[in-house]
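Undergrad: The structure's right below; bear with me while I get my questions together.
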Amino acid sequence: MAPLTTYPVLQVENLTMHYTTRKGAVKAVEDVSFSLDKGEALGLVGESGCGKTSVALTLLRLLPENAQFLGGHVYFFRDGSDEAHARRAVGKPVKILLDGQEHQGRLVEVDRSQLVLDARLNGRTQQIKLGRDDIARLGVDLTALSDEEMRPIRWKGISMIFQAAMNSLNPVYKVGDQIIEAMQTHMPIPIPEARERVAQLFQLVGLDRQLMDRYPHEYSGGMKQRAVIAMALACDPDIIIADEPTTALDVIVQDKILREMRQIQKKLNMSMIYISHDIAVIAEVADKVGVMYAGGLVEFGPSEAIFKSPIHPYTKALMSAFPSIKGEKVKLAALPGEPPDLIKPPSGCRFHPRCPYATEICEREVPKFIEHKPKQYAACWNPLM
Amino acid sequence: MALQTQTKTETLVRVENLRMLYPVATGVFARARSFIHAVDDVSFEINRGEIFGLIGESGCGKTTTGKLLVRLIDPTSGHIYLRITQDPSTDSQGEQFVDIATLEGRALKEFRRNAQMIFQDPYESLNPRMTIFDIVSEPLSIHGIGSVYEREERVAELLSLVGLTPPESFLFRYPHELSGGQRQRVAIARAMILNPSFIVADEPTSMLDVSIRTGVMNLMLDLREEFGISYLYITHDLAVARYMCDRIAVMYLGKIVELGPTEEVIQNPLHPYTRALISAVPIPDPTVERQPIEIKGGVSKPIDPPPRCRFYERCPIATERCAQSDHPPLEDKGHGHFVACYEI
Ligand SMILES: Nc1ncnc2c1ncn2[C@@H]1O[C@H](COP(=O)(O)OP(=O)(O)OP(=O)(O)O)[C@@H](O)[C@H]1O
Ligand SMILES: Nc1ncnc2c1ncn2[C@@H]1O[C@H](COP(=O)(O)OP(=O)(O)OP(=O)(O)O)[C@@H](O)[C@H]1O
Ligand code: SF4
Ligand code: SF4
Ligand SMILES: [Mg+2]
Ligand SMILES: [Mg+2]
């Protein structure tokens, strides 16, 4: 029977990553923490260059050469009875959810029926044995995996639709063949079955199956984006990260694609991370929202709370800078200044030079990211409550 | 936010039956027999001090219309009239409508001074090898206005006006040393320096970030308020159009299908295309549930369109009459709300 409680599929803790450049380190991801539940959609929103894509690349470990991973944990949860997942976790830091309790430790050993765990319980390290079937969720820290171990996680565990991916379809190959090839590198599947799978995926994303044998130039922008979504779905992932999935598209096409993505998500009970600079898009698709500013997550919580009663001054500023076609027409408030250079970000709270609520401490000390209201987190010395 | 202080509305720009056809190359030796109807029999007027919006999806002809209005390109047919002072020494009594296609010499120069265009991409539209001073003062030197000292004064004045303060710290910088929002402000300063009466702003904020975009939009609203400038404001973003424009025209495949006061068109759209377009706009409020209107297919290119309603193939309410008739004319449905549809 399906459990009624919600489970996390991803817990990101204190993620930090900088890019090395000749001018200095670009502090693109600074102490970012959030979590994602099964079947839930998270919207990551913020202005250009604030680090949204970098967060996704860091947690998937798809970083360019000049990136420096500086710490943090990314727990990826699957059912504890999943053989491959449990094996992968041996010797790694794990989290286990058991009867609603979270246990942290290192997985020592796995056998057919049991997981043996070195866990810290009541402040003391002790070895505990847990029945495999009792363990609803087993979370592995992806930052501890080797590249080899990480490979199957991408696509099958967490698959990503890259920003502007629709422009990166190879023009000389048929679209269907490109998806089949991508699929085959991640799972052994014979061509006829792969073709059938792609046909089903095309149907799911609203593309005619005849289009499989066409080339990218015969597709419109919206069709290409659908194909890219089909590709992300190919290996049946638990989580899809969609980076600006509709940014280049016209509003009618955007609307259709977002609605289809939501339907697919519901149907497959998948978890999603939408990345967008457009708060209106995020308002429509996300259950939870994370707001980024200058490399940091400044606020995180249930979508309605974030939109209706933001805690962080930047969230509030972002919301009131956005025009809408609904509601009363009001003069929008412009923020003074510009987002900072991430090589030399402002001290303390990175928003302080532009913040109307800043006080003396804001310049000196980095505010902690804490729960100010139930499930609503923010990093601010003077939260708007 | 219509300009209420204006007692009488005075037409500044009048566009009549404007068409721009681009030949489609069909082969190396073949003469073009097919045409893209980028702008197809479009008529509208812009009042003095008014912000007139042109909205619609990619490829519907917005930029082409904008370029025609400042005479960056010449139309296939049709006319654009601008109220212009023929002899700069006389006051506004001496103004009259002139067909901009007929302008030459001094009159053309006067028109170029009066009608400016701001482009979408602040990264491409400024010459990277020129300083901010050179960029903003260039129109003055082209028109031979002022001494070097006066030009410096005027540039500093405009940089302050667009919020680049203190001006001295910007004068001798290059575009790459500015942020996107600052560059767009430079482009606005340059467009403003000759006191134009009319500006075509082609998606001036679509490349800018939200927190900067609002500042640029408010700046353009303020400049209108202060100097009574008229804008043709091109955008694909309906929420931005609502914020900026007094009236809007909705384009579809080279045709204006609906035109009227912004609030009226957005809250009470009549044309089936406008209805679908507006119903698809996301609302930045998670508690709002939209009921989108489905339309068939997607936008195509208007290459040799058949002589019937451009929206026919996708229209959910098309009838036999639509199949048999020409593209419908724009008709006034009251209060200056125009629609081109047989079934409304
Ligand atoms: N490979 C790189 N080397 C150096 N700096 C980088 C690199 N990639 C990104 N950056 C910088 O890191 C910061 C965060 O970039 P990121 O692409 O994550 O932003 P984003 O929020 O996704 O922005 P956008 O909305 O424009 O896609 C920016 O300042 C960017 O210039
Ligand atoms: N110089 C040109 N030669 C040929 N075709 C052109 C030219 N300029 C524009 N077109 C075509 O004319 C039509 C209208 O283009 P236009 O650039 O005016 O559209 P738009 O509404 O500004 O679109 P967007 O929102 O993408 O900027 C399009 O089909 C376009 O491909
Ligand atoms: S910590 Fe201070 S500067 Fe930062 S957002 Fe809060 S009030 Fe503003
Ligand atoms: S004229 Fe006919 S086809 Fe065109 S929009 Fe109206 S109902 Fe639809
Ligand atoms: Mg990005
Ligand atoms: Mg354009």
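Undergrad: What is the set of long-range amide H partners of A:Arg151 at a cut-off below 5 Å, with H atoms built 1.01 Å from backbone N?
TA: none
Undergrad: Take every Cα pair under 8 Å in chain B that's 6+ residues apart, average their separations, divide by the length, and report that relative contact order as a whole percent. Intermediate values should be presented prior to the final figure.
TA: Values: 633 pairs, mean separation 67.6, N = 344.
Worked out over chain B, it gives 20 percent.
Undergrad: Please give the average number of partner chain Cβ atoms lying within 10 Å of the Cβ of each residue in A:300-308, rounded to a whole number. Could the numbers behind the result be given before it?
TA: Numbers: counts 0, 0, 1, 3, 3, 1, 1, 4, 3.
Across the residues of A:300-308, the mean count of other-chain Cβ atoms within 10 Å is 2.
Undergrad: Per-residue mean of other chain beta-carbon atoms within 10 angstrom of the beta-carbon, peptide B:272-282?
TA: Partner-chain Cβ atoms within 10 Å, mean over residues of B:272-282: 4.
Undergrad: Shifting gears a bit: Going by how many other Cβ atoms sit within 10 Å of their own, how do A:Thr246, B:Thr76, A:Thr21 line up, fewest first? Intermediate values should be presented prior to the final figure.
TA: On the way: A:Thr246 25, B:Thr76 16, A:Thr21 10.
If I rank by nearby Cβ atoms, fewest first, I get A:Thr21, B:Thr76, A:Thr246.
Undergrad: Across segment A:44-55, in residue order, what do the Karplus-derived ³J(HN,Hα) couplings come to in whole Hz, using 6.51 cos²θ - 1.76 cosθ + 1.60 with θ = phi - 60° and x for Gly and Pro?
TA: Karplus values, whole Hz, x for Gly and Pro: 9, 10, x, 7, 3, x, 7, x, 4, 4, 4, 4.
Undergrad: Quote the relative contact order of segment A:150-214 in percent (integer), defining contacts as alpha-carbon pairs under 8 Å separated by 6+ residues.
TA: Taking the mean separation of contacting Cα pairs over the length of segment A:150-214, I get 34 percent.
Undergrad: Report the full-extension gain for the segment A:Asp118 to A:Arg209: residue separation times 0.36 nm, less the Cα-Cα distance, to one decimal in nm.
TA: Between A:Asp118 and A:Arg209, full extension yields an extra 27.7 nm.
Undergrad: Next up: Would you mind counting up the charge near A:Lys288? Only other residues with Cβ under 12 Å from its Cβ, with Lys and Arg at +1 and Asp and Glu at -1.
TA: It works out to a net charge of -4.
Undergrad: I would also like to ask the following. Provide the packing ranking of A:260-269, A:155-164, i.e. peptides ordered by the mean count of other C-beta atoms within 10 Å per residue, highest first.
TA: On the way: A:260-269: 15.1, A:155-164: 20.3.
Taking the mean over residues of other Cβ atoms within 10 Å, the ranking is A:155-164, A:260-269.
Undergrad: Counting only C-alpha contacts under 8 Å and six or more residues apart, can you give the relative contact order of segment A:312-376 as a whole percent?
TA: 26
Undergrad: Angle, helix B:105-114 long axis vs. longest principal axis of chain B, Cα atoms, 0 to 90°, nearest 10?
TA: The angle comes out at about 80 degrees.
Undergrad: If you take all C-alpha pairs in segment A:90-242, what percent of them are over 20 Å apart? Before the final figure, lay out each step's value.
TA: Values: 6829 of 11628 pairs.
Beyond 20 Å sits 59 percent of the P(r) for segment A:90-242.
Undergrad: Among B:His143, A:His217, which comes first, second and so on when ranked by fewest other beta-carbon atoms within 10 Å?
TA: A:His217, B:His143
Undergrad: To the nearest 0.05, what FRET efficiency results for B:Thr287 and A:Glu365 with a Förster distance of 30 Å applied to their C-beta separation?
TA: After rounding to 0.05, the efficiency reads 0.25.
Undergrad: Need one word for chain A: rounded, prolate or oblate. Basis is the Cα gyration tensor (sqrt eigenvalues a ≥ b ≥ c); a/c below 1.5 gives rounded, then a/b vs b/c decides.
TA: Verdict is oblate for chain A.
Undergrad: Here is a further query. Classify segment A:192-341 as rounded, prolate or oblate from the Cα gyration tensor: take a ≥ b ≥ c as the square roots of its eigenvalues, call it rounded if a/c is under 1.5, otherwise prolate when a/b beats b/c and oblate if not.
TA: In terms of gyration-tensor shape, prolate.
Undergrad: Tally the DSSP beta bridges in chain B and give the antiparallel ones as a percent, rounded to 5.
TA: 65
Undergrad: Within 10 Å of each residue's Cβ, count the other Cβ atoms and sort A:Cys349, B:Cys245, B:Cys341 from fewest upward.
TA: B:Cys341, B:Cys245, A:Cys349
Undergrad: Under a crude label model (7 Å from the Cα following the beta-carbon direction), how far is A:Lys329 from B:Thr9 in nanometres?
TA: For A:Lys329 paired with B:Thr9, the spin-label model returns 1.3 nm.
Undergrad: Is the C-alpha gyration tensor of segment A:319-385 telling us rounded, prolate or oblate? Criteria: a/c under 1.5 is rounded; beyond that, a/b larger than b/c is prolate, otherwise oblate.
TA: oblate
Undergrad: Mind ordering A:200-212, B:175-187 by average Cβ neighbours within 10 Å, highest first? Intermediate results must be reported in sequence, preceding the final value.
TA: Details: A:200-212: 17.1, B:175-187: 20.8.
Those peptides, ordered most packed to least, come out B:175-187, A:200-212.
Undergrad: Average partner chain C-beta neighbours within 10 Å, per residue of A:272-284?
TA: Mean shielding by partner chains, rounded to a whole number: 3.
Laboratory data are not the source of any read-out in this text; all were calculated from the coordinates shown. This structure is a prediction, so every number in the text was calculated from the model and none was measured. In this analysis, Cβ positions are derived from the backbone assuming ideal geometry, glycine residues included, and neighbour counts consider all displayed protein chains.
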